[in-house]
Amino acid sequence: MISGSTWRLPAAELELAPAKVNLALHVRARLNDGYHALETLFAFTRFGDVLHAEAADDWSLRMEGPMAHAAGPLDDNLVLRAARAFSEACHSRQKFAFRLEKHIPVAAGLGGGSADAGAALRLLNRMTGAGLAGAELEAIGAGLGADVAACVRSKSCVGSGRGEQLRAVNALTGLPILLVNPRVAVPTGPVFRGWDGVDRGALGADYRTARNDLEAPALALQPVIGDVLAWLASLEGVTLARMSGSGATCFALLDRLPEIAVPHGWWSASSTLL
Ligand code: C5P
């Protein structure tokens, strides 16, 4: 038996960073600062990155995993930016060595960097004992990127404003989802800039009859996205095929995950919604 006096917290801990999927995304207006007012239904998958942290004398980050090569300069990484923002907000002097297993493709509409930042904020909140409330942690996240607050939460929610104003909704827990990316990186800014400025209306209660207004500008930059959508829509048991975020990853919601192989050269992940 472990007695209370000898029990010690483990020196290293891990946190899952679920991939973010926009089940629907309505762009409503262009704002003065270059951002866009939008309404989106965020969902999260069991598939994602894994972030490990260990108390250390200085901050560091090591990348591993199949997508580590694409993740860009370490100094700019949202994990370290989240860590700096957290320490400032909490006046914490504790430092950590991070190890990130990168599975989520980069610049893919799955919020990879935002998911890692969300995981870092949750992990630091736990390991430092700071005990910030969810809303406080989400506010720190919102300062790091439009969808980081949602990723701090990592639960189904509707985002409005720039994506950072969150309202909880019922989750579609357990629903099978297939993610497919044609292995083209699509930067978010240019896709938003390609939006035609037409407000096609509010996000209603049913995401299935909703849209992703970024599909058209993303398709204009990467027509192969149309092939991915057509392939997903042709699968047996598919209830919805749509692009996530600014692309290029598209998803299919299905009765059950298909057994057929994804076309050669495309990246894919089979998962379920959280
Ligand atoms: O906030 P984040 O760094 O994730 O946003 C990346 C880019 O996506 C922004 O620089 C902006 O061009 C675009 N964006 C937008 N409107 C939003 C969210 C993102 O125009 N609501």
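Applying the set (1) closer than 30 Å to ARG167 by Cβ; (2) open to solvent by 10 Å² or more (accessible area, probe 1.4 Å) to PRO263 leaves exactly one unmet item: (1). When the residues of region 152-187 are filtered to those that are without any contact (Cβ under 8 Å) to a residue 40 or more places away in the chain and closer than 19 Å to ASP33 by Cα, the one that is least open to solvent (accessible area, probe 1.4 Å) is GLU164.
The residues of region 207-246 that are touching a residue at least 24 places away in the same chain (Cβ under 8 Å) and among the β-branched types (Val, Ile, Thr), listed by number, are VAL224, ILE225, VAL228, THR239. No other residue among ALA149, ALA202 is of a type outside the set (Lys, Arg) and free of Cβ contacts under 8 Å to residues at least 60 places away in the same chain apart from ALA149.
What is the number of the single condition among (1) aromatic (Phe, Trp, Tyr); (2) more than 15 Å from the ligand (Cβ to nearest atom); (3) closer than 30 Å to THR173 by Cα that TRP59 does not meet? Unmet condition: (3). Tell me, please, whether a residue that is within 21 Å of SER114 (Cα to Cα), over 17 Å from the mean Cα position of the chain (by Cα) and more than 16 Å from the ligand (Cβ to nearest atom) can be found in region 198-219. For region 198-219, residues within 21 Å of SER114 (Cα to Cα), over 17 Å from the mean Cα position of the chain (by Cα) and more than 16 Å from the ligand (Cβ to nearest atom): absent.
Considering each residue of region 119-129 in turn, none proves to be within 13 Å of the ligand (Cβ to nearest atom) and outside any strand (DSSP E or B).
Taken together, the residues in region 218-249 that are of a type in the set (Ser, Thr, Tyr) and open to solvent by 40 Å² or more (accessible area, probe 1.4 Å) amount to 2. For region 30-55, a residue qualifies if it is among the hydrophobic types (A, V, I, L, M, F, W, C) and surrounded by 13 or more Cβ atoms within 10 Å (Cβ to Cβ), and the qualifying residues are ALA37, LEU38, LEU41, PHE42, ALA43, PHE44, PHE47, VAL50, LEU51, ALA53, ALA55.
The values are calculated or read from the model by the stated rules, or taken from the named source; none is laboratory data. What you see is a predicted model, and the numbers here were worked out from it, not measured in a lab. Backbone-built Cβ (ideal geometry, glycine too); neighbour counts: all protein chains shown. The area values use the complete protein model at the heavy-atom level, side chains included, leaving out ligands, DNA and RNA. Shrake-Rupley method; radii C 1.70, N 1.55, O 1.52, S 1.80 Å.
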